[in-house]
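Heads up, the thing below is written out as structure tokens.
The values are calculated or read from the model by the stated rules, or taken from the named source; none is laboratory data. None of these values were measured; they are calculated from a predicted model. Positions of Cβ are generated from backbone atoms using ideal geometry, with glycine treated the same way; all protein chains shown enter the neighbour counts. Accessible surface is based on the protein model in full, side chains and every heavy atom, while ligands, DNA and RNA are left aside. Shrake-Rupley method; radii C 1.70, N 1.55, O 1.52, S 1.80 Å.
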Amino acid sequence: MIPTLPLLRLLAAWTLLGLAASVWARLMPVWRICGWVLLGFLLLDLLLTLWPKQLSGAREAPSSLALGEWREIRVRLRNPSRFPLHVELFDHHPSDFDSRGLPSEHHLPAQGFLEQPYQVRPTARGQRAFGPIQVRLRTSLGLWARLLSLPAPLPVRVFPDFAAVARYALLATDQRLSMLGILKRPRRGEGLDFHQLREFRQGDTLRQVDWKASARSRKLISREYQDERDQQVVFLLDCGRRMKPLDELDGTELGHFDQALNALFLLSYVALKQGDAVGVTTFAEDHPRTVAPHKSLATLERLFQELFDVQPTTHAPDYLAAAERFLKQFRKRSLVVFITNLRDEEDATLLPALKLLRGRHLVMLANLREGVVDGLLAQPVHDVEAALDHAAAHDYMARRRALFQHIHHQGVGVLDVSPAKLPTALVNRYLELKAGGVI
């Protein structure tokens, strides 16, 4: 039970009256009467506050939420007692959720109910849970308040923002891909995929003739084949400690790892629409996860379900061990999209890993470029400290360029972009490779 502000004011007034009665004795009877009246109201209000023990609460919320998106939650309270209540409503949403619309005050009628909507915005992915509904009760006299905790557990899952995929969905349509140069150019008589039936042409082989179709049409009909262009795209995702940073210069609230996941999902969607199989494996975490490559769009749902709660760890990435594990899991030639955050001191495991992968697969290295370095280079130099920062940034970038040149000489393509630009950069590079017939 909590005394309310009106009660504290009444007690303060009664105390002042007692001080006055200690000076003027004729006020003593008035002070005693006021005290008994106040005590009576306190006991009556206390009983009224303790009476509604059957107050119940429930919550409506979607079972899955999108990272960074506002969604509506509804809280319902039901008052089965014969007394109206004044309630202040709170809700124990997950601590890493932003909220708006609560707390709120309401009049809960006798034997009635109320419904209060409010909104939440998740700021981190993974499995989360709502706690109890917190209610502060006050009766019509308003002298006491009572805190009630109404059990209403509700687990929810926070997924990456699907809007990142939806915004670029047009990239996967035939018209958009044609504008980018992704055209199907079937070569007659080659490949294994059946394309269409057509009239026999000079140069066609007898094995191309469809004799049943020829008999029906009373002229020679050939089967036309096209090259098997559907390939396999597999992501090698770094979950190590260097994927943790949040780059405020990008103008986004998403960290490096969340941007990498957005890029992974976007490219997966585009590749699946192109008929390629998509898979993923992680490294630098306690229990690496693997999704085997599949071609159907249902693969995207499997990727979401498997990766929605993966978080960057405190482990240092061992690229060579990741590459060796990758080769044991994926034997078919694939486009390996290696997503990480590089440092020049990682040559010891990085270069051997890329060489190992390059022996069997086509490798594309996507590096998350930290905006803080670009910020240091863009700052004007006015003092010695700024000059030292500027020189250190130039030295860092020079060593990084040397590392990228070494990687490029191994036949590995490198993307060095800011995290916010990684999704579009990966898709554009994939489409370039597709248009050039590399994959």
Taking H as built 1.01 Å from N, whose amide H comes closer than 5 Å to the amide H of Val156, not counting residues under 5 places away?
Arg128, Ala129, Phe130
Which distance in Å, rounded to a whole number, links the C-alpha centroids of the range 297-369 and the range 52-97?
43 Å
Largest first and in whole Å, what are the equivalent-ellipsoid semi-axes of the range 339-407 based on the Cα gyration tensor, each being the root of 5 times an eigenvalue?
31, 11, 8
Say R0 is 22 Å: what FRET efficiency, to the nearest 0.05, do Thr313 and Glu253 get from their beta-carbon distance?
0.55
Apply the Karplus parameterisation 6.51 cos²θ - 1.76 cosθ + 1.60, with θ equal to phi minus 60°, to every residue of the range 285-293 and state each ³J(HN,Hα) to the nearest whole Hz, in sequence, with x for glycine and proline.
9, 4, 10, x, 10, 9, 10, 5, x
1/(1 + (r/R0)^6) with r = Cβ-Cβ of Gln379 and Arg401, R0 = 30 Å, i.e. FRET efficiency to nearest 0.05, evaluates to 0.90
Going toward the positive end of the dipole of the range 298-339, with +1 on Lys and Arg Cβ and -1 on Asp and Glu Cβ, which of His315, Phe330, Leu303 do you reach last?
Phe330
Extension length gain for Lys355 and Ala58 (0.36 nm per residue less Cα distance), in nm, is 101.2 nm
What nm distance separates the two modelled labels at Arg76 and Arg216, each placed 7 Å from Cα along Cα→Cβ?
5.9 nm
Zero-based 20 Å bins, Cα pair distances in the chain, whole percents:
19, 34, 24, 16, 6, 1, 0
Packing-ranked peptide list from 92-98, 25-31, highest mean Cβ count within 10 angstrom first, is 92-98, 25-31
Going by average Cβ neighbours within 10 Å, how do the peptides 65-71, 2-8, 276-282 rank, with the highest at the top?
276-282, 65-71, 2-8
Computed FRET efficiency, Cβ-Cβ of Gln202 and Ala435, R0 41 Å: what is it to the nearest 0.05?
0.85
Could you check how much of the accessible area of the range 238-323 is carbon and sulfur, as a whole percent, using a 1.4 Å probe?
50 percent
For the range 322-439, size of Cβ-based charge dipole, Lys and Arg +1, Asp and Glu -1, in debye
1200 debye
Relative to the Cα centre, what is the charge dipole magnitude of the chain, using +1 at the beta carbon of each Lys and Arg, -1 at the beta carbon of each Asp and Glu, and rounding to the nearest 20 debye?
1880 debye
For Lys273, the lysines lying under 22 Å Cα to Cα, once residues fewer than eight places off in the same chain are dropped, come out as Lys184, Lys295, Lys332, Lys421, Lys434
Could you list which residues have their amide H under 5 Å from that of Ser222, counting only those 5 or more apart in sequence or on another chain, with H placed in the peptide plane?
Arg198, Glu199, Phe200, Asp210
Kindly write out, for the range 312-317 in residue order, the coupling ³J(HN,Hα) from the Karplus curve 6.51 cos²θ - 1.76 cosθ + 1.60 (θ = phi - 60°), rounded to whole Hz, with x marking Gly and Pro.
x, 9, 9, 7, 7, x
Sequence order, the range 196-213: Karplus ³J(HN,Hα) from phi using 6.51 cos²θ - 1.76 cosθ + 1.60, θ = phi - 60°, Hz rounded, Gly and Pro as x, gives 6, 9, 8, 5, 4, 10, 4, x, 5, 8, 5, 5, 7, 6, 9, 5, 5, 5
For His408 and Glu115, calculate 0.36 nm times their separation in residues minus their Cα-Cα distance, and state this gained length in nm to one decimal.
99.4 nm
